[in-house]
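To start, the structure itself, in structure tokens.
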Amino acid sequence: MATKKEPIWIARNLTKCSGCRKCEITCSLLHENRIWPEASRIRVFMLVPGVEFPHFCAQCENYPCVKACPAEALSVDSKTGAVLVDKEKCTGCAQCIDACPGRIPHMHPTENHILICDLCNGDPQCVKVCQEGRWNVLKKVQRKNYAYKLYARTPEEITRDLAVKLYGELGKEFL
């Protein structure tokens, strides 16, 4: 008897991020066929020098972005757990951005549809390039018991916490 496979998730160790942006480049190459970080489904933020980190869909358990879409352009892939965007249905209304606790979905720079990490159909290329470079910031894992809400936060919130973790109490002065 076959067992149902658990959806995947990308675990993150943000303190290891060097800000190389290879994850952004790989994502844009895969999805857009060119190096175009603005159209990447993963974005590296640096709101404070020395505090850089990848920011992408945390796959919240209740998927508020999917529920907020009035055009029903967003769905959840049953195999991976990723949010999928139907470009034809998406009206670019941005209600999914407002619903997302991390404000992670973003508009494609030239087309009228939302961009969200689709986990590369279960084989996330950002993880591969991060592992090949031995940064080990990103790691593909089974989704099970991860604290999604830690990553479903705005870049400003993550930067604040990461700055304190990296620089101690001095980090509070950055923001």
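The values are calculated or read from the model by the stated rules, or taken from the named source; none is laboratory data. The structure displayed is predicted, hence computed values, not measured ones. All Cβ positions, glycine included, derive from the backbone under ideal geometry; neighbour counts span all protein chains shown.
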Task: Selected residue (only one of GLU6, GLU88 is acidic (Asp, Glu) and either in contact with a helix residue (DSSP H, G or I) (Cβ under 6 Å, 6 or more places away or on another chain) or in contact (Cβ under 8 Å) with a residue 60 or more places away in the chain (or both)) - done: GLU6
Open item on the list: Can you tell me which of (1) surrounded by 21 or more Cβ atoms within 10 Å (Cβ to Cβ); (2) farther than 21 Å from THR159 by Cβ; (3) at pLDDT below 95 is the one ALA58 doesn't meet?
Closed with: (2)
TODO: Can you tell me which residue among THR26, THR80 is under 29 Å from ASN136 (Cβ atoms), in contact with a strand residue (DSSP E or B) (Cβ under 6 Å, 6 or more places away or on another chain), surrounded by 18 or more Cβ atoms within 10 Å (Cβ to Cβ) and among the hydroxyl-bearing types (Ser, Thr, Tyr)?
DONE: THR80
- [ ] Name every residue in the stretch 84-119 that is of a type in the set (A, V, I, L, M, F, W, C), closer than 14 Å to GLU32 by Cα and over 17 Å from the mean Cα position of the chain (by Cα), in order of residue number.
- [x] none
Open item on the list: Quick check on my filter: what residues within the stretch 116-153 are in a loop (DSSP other than H, G, I, E, B), over 16 Å from ALA58 (Cβ atoms) and charged (D, E, K, R)?
Closed with: ASP123, ARG134
Open item on the list: Against the conditions (1) out of contact with any Pro (no Cβ under 6 Å at 6 or more places or on another chain); (2) among the hydrophobic types (A, V, I, L, M, F, W, C); (3) surrounded by 19 or more Cβ atoms within 10 Å (Cβ to Cβ), where does ILE116 fall short? Just the number, please.
Closed with: (1)
Open item on the list: With the condition being closer than 18 Å to ALA11 by Cα, I'd like the strands (runs of 3 or more DSSP E) fully within the stretch 35-115 carrying at least 2 qualifying residues.
Closed with: 43-48, 51-55
Open item on the list: Just to be sure I understand the filter: pairs with C-beta atoms under 9 Å, separated by 6 or more residues or on different chains, first member in the stretch 149-173 and touching a residue at least 12 places away in the same chain (Cβ under 8 Å) and surrounded by fewer than 15 Cβ atoms within 10 Å (Cβ to Cβ), second member assigned to a helix (DSSP H, G or I) and of a type in the set (S, T, N, Q). Which pairs pass?
Closed with: LYS165/THR15
Task: Checking MET1 against (1) of a type in the set (A, V, I, L, M); (2) more than 16 Å from ILE114 (Cα to Cα); (3) surrounded by 16 or more Cβ atoms within 10 Å (Cβ to Cβ); (4) at pLDDT below 95, the condition it does not meet - done: (3)
- [ ] Select from the stretch 29-55 the residues that are farther than 20 Å from VAL164 by Cβ and of a type in the set (A, V, I, L, M, F, W, C) and write down the one among them that is surrounded by the most Cβ atoms within 10 Å (Cβ to Cβ).
- [x] ILE42
